[in-house]
Structure formats: C-alpha cells, structure tokens
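The structure appears below as structure tokens.
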Amino acid sequence: MTFEFNGMLFRAADHQRTVSITATTLSDALNELTSKFPELKRLLLDNRGQLRQAHRVCLNSEIVNRPDIDMPLSEDDCIEFFTAIAGG
C-alpha cells in the first residue's frame, strides 16, 4: 500500500511525497511508518496510540469518517491524511 503526504507530514516523512508500506491493517501500517519516520508518530498519534482527531483519513480517495486502527488494508490501497489547519 502507499501513503501520500503533504504539509508537515511530508516534512516529517523526510520530504517523501509517497511511501510504500507492507501491512494488512492500519495499525500495522502506522507502526511501520512511525518506525521508519519517528517524527510522524508525534504528529499522527496521540499518547494512547490512536490517530489524532486533527487528521482526516482518505482511503483510495474516499474520506473514512471514523477510521478504525484495526481496519484491514490491501496492497493496492492508498492512504492520505488531510490535516486541519487552525488560524485566525
């Protein structure tokens, strides 16, 4: 599967726009990603290991409203994160 990054996540992934991962669940994929790019862990996960609510997950270009950390993934899947931006 592939992960596509932009913004601060792109920088945390060593400026790699697309990263390929081999995993069968979102949890396994996040573990592999955060091992490869430790800065992503702080940005993507809260202190309980759950996805931060500031990120929207898109699976194959469709928003997943309530992503389950154990949701199954296939090798053809593409995941993108869209991060909420706060400001005034």
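The values are calculated or read from the model by the stated rules, or taken from the named source; none is laboratory data. On a predicted model such as this, the values are computed, not experimentally measured, just so you know. No Cβ is skipped: glycine too gets one built from the backbone with ideal geometry, and neighbour counts run over all protein chains shown.
Kindly indicate which of 51, 59 is surrounded by 16 or more Cβ atoms within 10 Å (Cβ to Cβ), under 17 Å from residue 1 (Cβ atoms) and modelled with pLDDT under 90.
Testing whether each residue is surrounded by 16 or more Cβ atoms within 10 Å (Cβ to Cβ), under 17 Å from residue 1 (Cβ atoms) and modelled with pLDDT under 90 leaves just 51.
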Pick out, from the range 1-83, the helices (runs of 4 or more DSSP H) lying fully within it that include 3 or more residues that are under 12 Å from the mean Cα position of the chain (by Cα) and in contact (Cβ under 8 Å) with a residue 40 or more places away in the chain. 26-36
Checking residue 69 against (1) within 15 Å of residue 4 (Cα to Cα); (2) of a type outside the set (Phe, Trp, Tyr); (3) touching a Leu at 6+ places or on another chain (Cβ under 6 Å): exactly one of these is not met. Which one? (1)
Can you confirm whether residue 23 is touching a Ser or Thr at 6+ places or on another chain (Cβ under 9 Å) and under 13 Å from residue 1 (Cβ atoms)? no
Being out of contact with any Leu (no Cβ under 6 Å at 6 or more places or on another chain) and either surrounded by 15 or more Cβ atoms within 10 Å (Cβ to Cβ) or among the hydroxyl-bearing types (Ser, Thr, Tyr) (or both) is the filter here; which residues of the range 33-42 pass it? 35, 37, 41
